[in-house]
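In what follows, a structure is listed as structure tokens, so that the remarks can point back to it.
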Amino acid sequence: MRRKMIAGNWKMHGTKEFTKKFISDLETWLDSEETGIKVSEAIEDKEMEVVIAPPFTALDCAVFSRITGKIRIAAQNAYHERKGAFTGEISFPMLEELRCKYVIIGHSERRHIFGESNKILEKKLIAALESHILPIFCVGELLSERESGNMEKVLAEQLSSAWWSLTSDVVAEMVVIAYEPVWAIGTGKTASSEDADDACDYIRSLAFDKFGAATSDSIRILYGGSVKPENSRDLLSRENIDGLLIGGASLEVSSFKKIIESAL
Ligand code: 13P
């Protein structure tokens with residue numbers, strides 16, 4: 001059974017104070033309320049992971065204000081070079097020092113607002129793995145690409161360029177894929193659970209073609225795009241959706257908790 005992942009991507013939101021309070025409220029819930037304790041048991045039994053990805057400025061606060069190890073911390077990005085004259089960038093060894101477990105790579109906002117290409121994202125994926133920070137690698141098509149029947153082509157290009165040099169073991173054990181259709185991000189338009197599952201199934205078939213059955217069975221594939229407490233259970237009930245990458249609804253403990261509960 002693949003371990004479920006519920007991950008909150010805070011994007012450019014969240015001060016240190018906000019982060020401290022969020023973690024404290026979430027940990028209190030995990031330790032004291034009935035559903036929180038069930039989630040804690042699922043985390044301990046390796047059935048579920050709860051991840052938050054605050055901005056860089058709050059990462060140390062997130063990592064060090066946790067009292068238990070139940071919440072994992074992810075960074076939202078990093079640069080592939082280890083050090084050097086790259087003003088404004090953060091390297092993977094810097095994230096390693098902060099004990100980040102995961103890093104989001106290739107989010108559509110990085111691809112489309114900041115112009116990150118498949119080539120750069122391949123380098124970032126490899127650099128993350130070299131630093132033993134587990135990548136949550138995002139892929140997804142634009143609305144125009146979906147409407148012109150090119151969704152599969154886009155996903156195949158994004159993935160094949162990212163993982164061509166990786167081995168099946170590395171992909172199975174270390175890589176998480178997030179399918180985030182660009183037209184569903186921050187728009188309130190969620191992909192139907194059937195469409196989301198179909199796209200995740202297609203991604204799994206790409207993993208099968210490249211790496212074989214063991215890897216395609218074990219790789220975790222998340223869905224992201226306008227996930228809310230009202231649609232999370234339906235999405236998570238689908239065979240190929242192993243978790244959720246949540247933007248807006250991860251910024252309030254109350255809605256994030258409801259989404260986590262729906263993974264039980
Ligand atoms: P929303 O949940 O706000 O649509 O954002 C999704 C996302 O981009 C998560 O990475």
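The values are calculated or read from the model by the stated rules, or taken from the named source; none is laboratory data. Given the structure is predicted, the values throughout are model-derived calculations rather than measurements. Neighbour counts are summed over all protein chains in view; Cβ atoms, including those assigned to glycine, are modelled from backbone coordinates with ideal geometry. When the accessible area is computed, the model is the full protein with side chains, heavy atoms only, and any ligands, DNA or RNA have been set aside. Shrake-Rupley method; radii C 1.70, N 1.55, O 1.52, S 1.80 Å.
What the table below lists for this structure:
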| quantity | calculated |
| --- | --- |
| Test: residue in segment 130-142 that is at pLDDT 95 or above and either among the basic types (Lys, Arg) or part of a helix (DSSP H, G or I) (or both) | yes |
| Only listed residue being in a helix (DSSP H, G or I), away from the ligand (no atom under 16 Å from the Cβ) and open to solvent by less than 10 Å² (accessible area, probe 1.4 Å), chosen from Ile37, Ile23 | Ile23 |
| Considering residues of segment 5-20 that are part of a loop (DSSP other than H, G, I, E, B) and without any contact (Cβ under 8 Å) to a residue 60 or more places away in the chain only, the residue least open to solvent (accessible area, probe 1.4 Å) | Thr15 |
| Subset of segment 191-202 [within 16 Å of the ligand (Cβ to nearest atom) and not hydroxyl-bearing (Ser, Thr, Tyr)] | Ala191, Asp195, Ala196, Ala199, Cys200 |
| Residues that are assigned to a loop (DSSP other than H, G, I, E, B) and surrounded by 17 or more Cβ atoms within 10 Å (Cβ to Cβ), drawn from segment 222-237 | Gly225, Ser226, Val227 |
| When residues of segment 174-190 are limited to those that are outside any loop (DSSP other than H, G, I, E, B) and under 15 Å from the mean Cα position of the chain (by Cα), the one nearest to the ligand (Cβ to nearest atom) | Ala178 |
| Among the residues listed as Leu121, Leu166, the single one being of a type outside the set (Ser, Thr, Tyr) and in a helix (DSSP H, G or I) | Leu121 |
| In segment 250-264, the residues that are buried (at least 19 other Cβ atoms within 10 Å of the Cβ) and among the small types (Gly, Ala, Ser) | Ser250, Ser255, Ser262, Ala263 |
| Which numbered condition Met1 fails, given (1) over 27 Å from Ser161 (Cα atoms); (2) modelled with pLDDT of 95 or more; (3) surrounded by fewer than 18 Cβ atoms within 10 Å (Cβ to Cβ) | (2) |
| Identity of the residue in segment 152-194, among the aromatic types (Phe, Trp, Tyr) and open to solvent by 20 Å² or more (accessible area, probe 1.4 Å), that ends up farthest from Arg233 (Cα to Cα) | Trp164 |
| Residues that are hydrophobic (A, V, I, L, M, F, W, C) and either over 16 Å from Lys4 (Cβ atoms) or away from the ligand (no atom under 16 Å from the Cβ) (or both), drawn from segment 218-238 | Ile219 |
| Residue satisfying all of: in segment 239-264; touching a residue at least 24 places away in the same chain (Cβ under 8 Å) and away from the ligand (no atom under 15 Å from the Cβ); farthest from Thr167 (Cα to Cα) among these | Val253 |
| Residue in segment 210-217 that is of a type in the set (Gly, Ala, Ser), within 12 Å of the ligand (Cβ to nearest atom), open to solvent by 50 Å² or more (accessible area, probe 1.4 Å) and part of a helix (DSSP H, G or I) present | no |
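Residue-by-condition table, conditions (1) aromatic (Phe, Trp, Tyr); (2) in contact (Cβ under 8 Å) with a residue 24 or more places away in the chain:
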{"site": "Gly140", "(1), (2)": "no, yes"}
{"site": "Ser148", "(1), (2)": "no, no"}
{"site": "Met151", "(1), (2)": "no, yes"}
{"site": "Glu157", "(1), (2)": "no, yes"}
{"site": "Trp163", "(1), (2)": "yes, yes"}
{"site": "Ser168", "(1), (2)": "no, yes"}
{"site": "Val171", "(1), (2)": "no, yes"}
{"site": "Met174", "(1), (2)": "no, yes"}
{"site": "Ile177", "(1), (2)": "no, yes"}
